[in-house]
Number of protein chains: 2
Amino acid sequence: MENIFDDTYFMKKALQEAEVAFNKGEIPVGAVIVIDNKIIARAHNLTETLTDVTAHAEMQAITAAANYLGGKYLKKCTLYVTLEPCQMCGGALYWSQISNIVYGARDEQRGCINLNTKLHPKTVVKGGVMAEEAAQLMRRFFVEKRNLN
Amino acid sequence: MENIFDDTYFMKKALQEAEVAFNKGEIPVGAVIVIDNKIIARAHNLTETLTDVTAHAEMQAITAAANYLGGKYLKKCTLYVTLEPCQMCGGALYWSQISNIVYGARDEQRGCINLNTKLHPKTVVKGGVMAEEAAQLMRRFFVEKRNLN
């Protein structure tokens, strides 16, 4: 039997979160954290709603997943996030010792890869999963925002 | 008349927060955020208490200060923190566009300076304010922790 719980399956869930952010007027980034094929945290960017630069999707997902697990380390978890994490989120993921990070679109300017953010040596990173869908949502957001101003 | 509101004055307040953390069994790091000589946020490390790697003193202070100001940017603010910020906190401070960061002790291993975390181009950083007091508190914490285990 085919395993439906692949990277695309979970990235679609993260994209759904990004769409929720979009509909709130937030930069559309969504994230889920998964352990043993089970989603234990869902979050989307809320920096405008909460007036808080720290309210990125990943940060909220890390907090929620640790709360669910009752421990602060996310050693057997995978984060799915629609956009490559920034330095702040990369730094938080370093502390969390998360096993896997799967992101959608690259963020050449502010993403942790080009900024050389140090991740935990045991963390495996994979990019480009549904990248076009994630990037398209971002582009649509900024086009609409420009037209409104 | 002498201005009592110098860096040492505010770093002492951050050290008081670090001591609160110490007494809770938390790695003793404290922070305050100041605008126009007024403290608008006080926080200390709560990663153990909250079971949350994101609960560094600086992160909480950034959230609290933005909440106080009613805006997410901390453009005219100064952060006083007893230990050099890590990548996560440095990344959050980048987003906050904070004017000044004043830290106490260096963190050679995990601090944002040696890890080359990108700060906002307008952020001015000053280190070494009451560094010995901050470092001493850290050392005392790790010695006591070792003796307890």
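Observations
- Subset of the stretch B:63-114 (residues that are hydroxyl-bearing (S, T, Y) and either part of a helix (DSSP H, G or I) or touching a Leu at 6+ places or on another chain (Cβ under 7 Å) (or both)): B:T63, B:Y68, B:T82, B:Y94, B:S96, B:Y103
- For the stretch B:61-72, residues that are within 8 Å of another protein chain (Cβ to nearest Cβ), surrounded by 15 or more Cβ atoms within 10 Å (Cβ to Cβ) and over 17 Å from the mean Cα position of the chain (by Cα) total 2.
- All of (1) within 12 Å of chain B (Cβ to nearest Cβ); (2) hydrophobic (A, V, I, L, M, F, W, C); (3) surrounded by fewer than 24 Cβ atoms within 10 Å (Cβ to Cβ); (4) in contact with an Asp or Glu (Cβ under 9 Å, 6 or more places away or on another chain) hold for A:C89 with one exception: (3).
- The set of residues from the stretch B:44-60 being more than 10 Å from chain A (Cβ to nearest Cβ) and under 17 Å from B:C89 (Cα atoms) comprises B:H44, B:N45, B:L46, B:A57.
- Residue in the stretch B:126-143 that is facing another protein chain (nearest Cβ under 10 Å), out of contact with any Ser or Thr (no Cβ under 8 Å at 6 or more places or on another chain) and surrounded by fewer than 17 Cβ atoms within 10 Å (Cβ to Cβ) present: no
- Taking the criterion of being more than 30 Å from B:L69 (Cα to Cα) and either among the hydroxyl-bearing types (S, T, Y) or within 14 Å of chain B (Cβ to nearest Cβ) (or both), the residues of the stretch A:1-39 that qualify are A:T8, A:Y9, A:I33.
The numbers here are math on the coordinates, done by the rules we state, and not lab data. From a predicted model like this one, the values you see are computed outputs, not experimental measurements. Methodologically, a virtual Cβ is constructed for each residue, glycine included, from the backbone with ideal geometry; neighbour enumeration extends over all protein chains shown.
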